[in-house]
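J.: Shown below is the structure under consideration.
The values are calculated or read from the model by the stated rules, or taken from the named source; none is laboratory data. Because the structure is a prediction, the values reported are computed rather than measured. As a convention, Cβ positions derive from the backbone with ideal geometry for all residues, glycine included, and neighbour counts pool all protein chains shown.
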Amino acid sequence: MPAPSREPYLIDSHCHLHDPEFFTPEQQLDFLEDARQQNVRQIICIGTSPADSLRARAFAESHENVFWSYGIHPEEAVKKEDFKSLFEVLKSSSLVAIGEIGLDYHYPSFDKQSQWRLLEQMLSLAIDLSLPCSFHVRDALPDFFAIVHNFPSLKPSVLHSFTDSKTNLNRALDQGFYLGLNGIATFANLDCYRTLTPELLDRLVLETDAPFLTPAPKRGKINKPGNIAHIASWLSEKLGVSVSQVAEKTSNNVRKVFNLPNPEAISCPGSS
Ligand SMILES: [Zn+2]
């Protein structure tokens with residue numbers, strides 16, 4: 001058996017590859033293989049509703065190196081689904097986070113009260129289960145920071161798809177959050193990522209949010225976890241550091257936040 005490689009690898013910390021609304025079963029397998037070829041060793045499938053989270057769980061449990069999160073997206077808040085038999089559902093060794101949860105005031109039909117209540121319930125759940133969160137927050141960071149402030153025992157968590165102002169970026173860092181960087185950074189000239197210093201690598205995780213937000217130069221095609229490689233190379237150019245350094249730092253961050261096992265240990269179960 002060849003010795004496990006020590007070269008840095010990539011992790012997709014946020015995607016929806018489990019979702020049959022966007023991916024055929026053939027695409028799912030192709031994209032897992034593509035990810036392997038791009039040296040993406042671990043993938044987190046993010047749930048957006050109770051039913052979708054169960055699909056993420058089934059997908060994670062049937063594919064090596066895939067993990068899942070239990071989440072109810074803020075846009076689902078008005079549906080007021082209950083958490084029926086939740087604790088049965090959440091007994092899973094590949095469950096690594098609660099999310100995506102958060103606040104989204106982007107579309108005019110949002111209901112603040114329902115979103116606040118749902119977020120508070122999900123934060124309590126994360127604390128009960130001692131899990132970090134993957135947060136989706138759009139046009140709502142001040143309210144979000146105020147609510148999360150009431151949950152001081154929350155584990156260090158990720159603000160997924162961070163695109164807000166530089167001021168809010170600094171505030172998020174001050175409050176201990178990690179930031180999820182995805183394809184948007186590669187094609188939109190975002191203020192918050194205009195000037196970056198290598199120190200920020202300590203608090204970044206990479207994500208595709210596949211099937212959405214395909215990075216340059218793959219715009220126009222469906223997004224897939226293997227495209228993490230394009231986000232890593234954009235970031236390495238931006239920071240003037242090697243892709244290996246980007247991969248090593250960001251993957252360490254993902255493994256630390258989501259408490260993922262060592263992928264080398266997984267791929268060599270027979271070795272001691
Ligand atoms: Zn997402």
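J.: Just checking, how many residues over the range 25-46 are over 22 Å from HIS160 (Cβ atoms) and within 16 Å of the ligand (Cβ to nearest atom)?
T.: The total comes to 0.
J.: Consider PHE135 carefully, then state whether it is in a loop (DSSP other than H, G, I, E, B), within 16 Å of the ligand (Cβ to nearest atom) and aromatic (Phe, Trp, Tyr).
T.: For PHE135, the condition - in a loop (DSSP other than H, G, I, E, B), within 16 Å of the ligand (Cβ to nearest atom) and aromatic (Phe, Trp, Tyr) - is not met.
J.: While we're looking at this one, here's another question. Only one residue in ARG55, ARG41 is among the basic types (Lys, Arg) and either part of a helix (DSSP H, G or I) or over 30 Å from ALA247 (Cα atoms) (or both). Which one?
T.: It is ARG55.
J.: May I pose another question? Regarding GLU21, is this residue at pLDDT 95 or above, within 15 Å of the ligand (Cβ to nearest atom), surrounded by fewer than 14 Cβ atoms within 10 Å (Cβ to Cβ) and not in a strand (DSSP E or B)?
T.: So GLU21 passes the test.
J.: Another question about this same structure. Name the single residue that is modelled with the lowest pLDDT among those in the range 58-91 being assigned to a loop (DSSP other than H, G, I, E, B) and surrounded by 15 or more Cβ atoms within 10 Å (Cβ to Cβ).
T.: Among residues in the range 58-91 that are assigned to a loop (DSSP other than H, G, I, E, B) and surrounded by 15 or more Cβ atoms within 10 Å (Cβ to Cβ), the one modelled with the lowest pLDDT is LEU90.
J.: Report the residue count in the range 130-147 for those that are buried (at least 16 other Cβ atoms within 10 Å of the Cβ), within 26 Å of ILE43 (Cα to Cα) and not charged (D, E, K, R).
T.: Counting residues in the range 130-147 that are buried (at least 16 other Cβ atoms within 10 Å of the Cβ), within 26 Å of ILE43 (Cα to Cα) and not charged (D, E, K, R) gives 7.
J.: Just a yes or no: is a residue in the range 161-169 β-branched (Val, Ile, Thr), within 16 Å of the ligand (Cβ to nearest atom) and at pLDDT below 95? Don't jump to the end; show me each part of the working.
T.: Residues of the range 161-169 that are β-branched (Val, Ile, Thr), as a first pass: 163, 167.
Keeping just the survivors that are within 16 Å of the ligand (Cβ to nearest atom) gives 163.
When the remaining residues are screened for being at pLDDT below 95, the result is 163.
Yes, some residue in the range 161-169 is β-branched (Val, Ile, Thr), within 16 Å of the ligand (Cβ to nearest atom) and at pLDDT below 95.
J.: Could you list all residues from the range 206-228 that are of a type in the set (A, V, I, L, M, F, W, C) and within 13 Å of the ligand (Cβ to nearest atom)?
T.: Result: ALA210, PHE212, LEU213.
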